[in-house]
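Novice: I am attaching a structure below and will ask some questions about it afterwards.
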Amino acid sequence: MKQPAMADLEALVAARFEQSTTVPETFFTTEAGRIAEACWSMARRFHQGGRLLAFGNGAWATDAQHVSVEFVHPVIVGKRALPALALTNDSATLSGLMAGGDTEMPFARQLKVLARPQDIAMGFSSDGNDTNVLAALNLAKRKHLLTLALIGGDGGLIREAETEFCFVVQSHDPLVIQETHETLYHVLWELVHVFFEHEGLL
């Protein structure tokens, strides 16, 4: 089997690096104002006793887990812990629903029981076409939660939903989408705490 030439490998690395820098730069330049608004809205919900409820499928389930840990266990000394839960962590409920044959909309089922009007729902999707994530966001909206969607591609079905904040990373590369989502929720976490340092704004 022919080995790739060094020039080919260098071109591959350069292309990957360019995507990993230009896509996030374009995204954050475009969305800076809405990100700040989302952080203020999240801070208000936390200030009112709300919780963050995060969910996603497959690799995006790990982002739901990651963002919930960010809020519950702040990595910066002196920042307050804020209540957050990844619905994907509840393996007993998820496996119980599967065992009972109810596999289609587990996140919506969980939100029916757990969600309160002051809470925040954050759904992740690589292309915006995960129907179970869409169903959960729609239910959350009906229950008056603050809703955020972190999605990729062209936004798919979720882009058409009535979420307050829909952040679309316009790429079809799952690695670039996930890298940008991760930076986004780190920014959300940090700016929520900035607003808490100025509670008169809440």
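Novice: Pick out, from GLN118, ALA54, PHE196, the residue whose Cα sits farthest towards the positive end of the charge dipole of the chain, with +1 on the Cβ of Lys and Arg and -1 on the Cβ of Asp and Glu.
Specialist: Result: GLN118.
Novice: So, by mean Cβ neighbours within 10 angstrom, what's the order for 141-148, 60-67 with the highest one leading? Walk me through the intermediate numbers first.
Specialist: Working: 141-148: 18.8, 60-67: 21.0.
By packing density, highest mean first, the sequence is 60-67, 141-148.
Novice: Take the Cα atoms of the chain, build their convex hull, and give its volume per residue in Å³.
Specialist: Numbers: hull volume 31.0 nm³, N = 202.
Spelled out: Cα convex hull of the chain, divided by residues, is 154 Å³.
Novice: For region 186-202, just list the computed ³J(HN,Hα) in residue order, Karplus coefficients 6.51, -1.76 and 1.60, θ = phi - 60°, integers in Hz, with x standing in for Gly and Pro.
Specialist: 5, 5, 4, 4, 5, 6, 4, 6, 4, 5, 5, 6, 10, 5, x, 7, 9
Novice: Now a separate question. Could you size up the charge dipole of region 121-162 around its Cα centre, putting +1 on the beta carbon of Lys and Arg and -1 on that of Asp and Glu, and report it in debye to the nearest 20? The partial results should precede the final answer.
Specialist: On the way: 4 positive and 5 negative charges, 56 e Å.
Dipole of region 121-162, to the nearest 20 debye: 260 debye.
Novice: Excluding residues fewer than 8 places away in the same chain, name every one of the aspartates and glutamates whose C-alpha is closer than 16 Å to that of LYS143.
Specialist: List returned: ASP119, GLU162, GLU164.
Novice: Related question: Return the percentage of antiparallel bridges among DSSP beta bridges fully within region 23-160, rounded to the nearest 5 %.
Specialist: Details: 0 of 13 bridges.
Within region 23-160, antiparallel bridges account for around 0 percent of the total.
Novice: Hey, can you grab everything whose amide H is under 5 Å from the amide H of LEU52? Only 5+ residues off in sequence or another chain; H modelled, so Pro and N-termini drop out.
Specialist: ALA84, LEU85, ILE120
Novice: Counting only the heavy atoms of the protein chains, how much of MET6 is accessible to a 1.4 Å probe, in Å² to the nearest 10?
Specialist: 130 Å²
The values are calculated or read from the model by the stated rules, or taken from the named source; none is laboratory data. Note that the coordinates shown come from a computational prediction; the quantities given were computed from them, not determined experimentally. Note that each Cβ is placed from the backbone with ideal geometry, even for glycine, and that neighbours are counted across all protein chains shown. Accessible surface is based on the protein model in full, side chains and every heavy atom, while ligands, DNA and RNA are left aside. Shrake-Rupley method; radii C 1.70, N 1.55, O 1.52, S 1.80 Å.
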